[in-house]
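Report on one structure; see the data block that follows.
The numbers here are math on the coordinates, done by the rules we state, and not lab data. If you're wondering where the values come from, they're calculated on a predicted model, not measured in any experiment. Note that we place each Cβ from the backbone using ideal geometry, even for glycine, and neighbour counts take in every protein chain shown.
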Ligand SMILES: CSC[C@H](NC(=O)[C@H](Cc1ccccc1)OC(=O)N1CCC(N)CC1)C(=O)N[C@@H](CC1CCCCC1)[C@@H](O)COc1ccncc1
């Protein structure tokens, strides 16, 4: 059956990531995980994670679950775009989110996590919602929660309704018409190598002219900002007094007092507008007059990423039918 779960911003000051409550095992153990359409491993802090690497995170203890089974001889190791990473071994167990249960979900238990995970006490692991081809478990790749749950859902879809500095929702199996306005525009998805890759039809800065373009990028709930081609972000920040692309700060920064334009991106014949407030991502440090931009260049990444700064401006349908498509609606 279908389900619905909260997407909770982990920091009230700026939307660096969103976590969602899940239960694992018997009796159920509750953890808060980062649902990430940009990867396909479901991994958790666990009783196998060295205590020196655990700092306040909740952990999953398979030895306390009567339904946990070790997936003997299987290991995993993942590296994310920001250089963070983790590795470990694999169990199967009951996994429930928002009322949707998968009875033998591969749950990857961390035996090592990088410092950026140790230092982020609100993230107890990740739920990968990319295509299962990206799963890193060796020697046999495992299916994502969504791939396992699909056949039990009314419709093989999940939707993301992320919000600016507020709690949003992930829905599984149905499309909630009250969460968007107008029509949903569906676009084809390129499933190789395994991201939700689609092509945007162009962009506009503020209420300036629309520039038709084909911008191939991934819809990624696990990425805080939005990373687009240099010529796009240069034309955006060129409209902001005092904005500079700073090597020191690692991206475009601007005087917090400067006025920002909105940013509109094309989705087929339709478009989504990201309000200026979403692009004023955060002060460099508490009280600083320097602010960090929510739109950054993708040139160092090798892939354009529509991250949370863009996704929270829309209602997004991840349609896992064959062939998969991605739907965008205003809200
Ligand atoms: C543009 S890929 C960088 C991106 N990681 C981010 O977006 C992190 C997220 C974060 C970091 C620390 C705490 C909380 C959240 O946040 C920042 O990097 N920033 C936010 C704050 C800002 N001041 C600086 C920049 C990234 O690897 N995502 C992956 C998932 C992510 C990994 C880190 C933990 C949270 C989930 C994933 O979807 C995309 O994997 C790849 C993308 C492209 N090829 C390979 C992998």
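For the peptides 13-25, 71-83, the ranking by packing is 13-25, 71-83, with the highest mean count of neighbouring Cβ atoms within 10 Å listed first.
The protection proxy used here, the mean number of other Cβ atoms lying within 10 Å of each residue, ranks peptides 97-107, 285-295 as follows, highest first: 97-107, 285-295. Comparing 161, 245, 41 in a Gaussian network model of the chain (Cα springs below 10 Å), the most mobile by mean-square fluctuation is 245. In plain terms, the chain from residue 151 to residue 79 could stretch by 22.9 nm, reckoned as 0.36 nm per residue minus the Cα-Cα distance. With springs connecting C-alpha atoms under 10 Å apart, model the chain as a Gaussian network and identify which of 284, 274, 123 has the largest mean-square fluctuation. Residue with maximal mean-square fluctuation among 284, 274, 123: 284. For the chain, the relative contact order is 19 percent, taking Cα pairs closer than 8 Å that sit 6 or more residues apart in sequence and dividing their mean separation by the residue count. In the chain, the DSSP beta bridges split such that about 85 percent are antiparallel, to the nearest 5. For a modelled paramagnetic label at residue 179, 7 Å from Cα along Cα-to-Cβ, the residues of region 76-115 in reach, with backbone nitrogen under 20 Å, are 96-102. Judged by the ratio a/c of the largest to the smallest principal axis of the C-alpha gyration tensor, region 1-147 counts as rounded, that ratio being less than 1.5. Short-range pairs are left out: with C-alpha atoms under 8 Å and at least six residues apart, the relative contact order of region 87-142 is 28 percent. Using the Cβ-Cβ distance between residue 290 and residue 234 with R0 set to 22 Å, the FRET efficiency from 1/(1 + (r/R0)^6) comes to roughly 0.70.
Identify which of 140, 89, 280 has the largest mean-square fluctuation in a Gaussian network model of the chain, with springs joining Cα atoms closer than 10 Å. Looking only at 140, 89, 280, the biggest GNM fluctuation is shown by 140.
Listed peptides 30-38, 221-229 appear in the order 221-229, 30-38 once ranked by packing, highest mean of other Cβ atoms within 10 Å at the front. Rounded to the nearest 0.05, the FRET efficiency derived from the C-beta distance between residue 26 and residue 331 at R0 = 56 Å is 0.90.
Computed as a quarter of the hull surface, the mean projected area of the alpha carbon convex hull for the chain stands at 16.3 nm². Spacing of the modelled spin labels on residue 257 and residue 186, each 7 Å from Cα toward Cβ, amounts to 5.1 nm. Mean silhouette area of region 91-228, derived from the convex hull of its C-alpha atoms and averaged over all directions, reads 11.4 nm². A Förster distance of 25 Å, applied to the separation of the beta-carbon atoms of residue 10 and residue 247, puts the FRET efficiency at 0.35.
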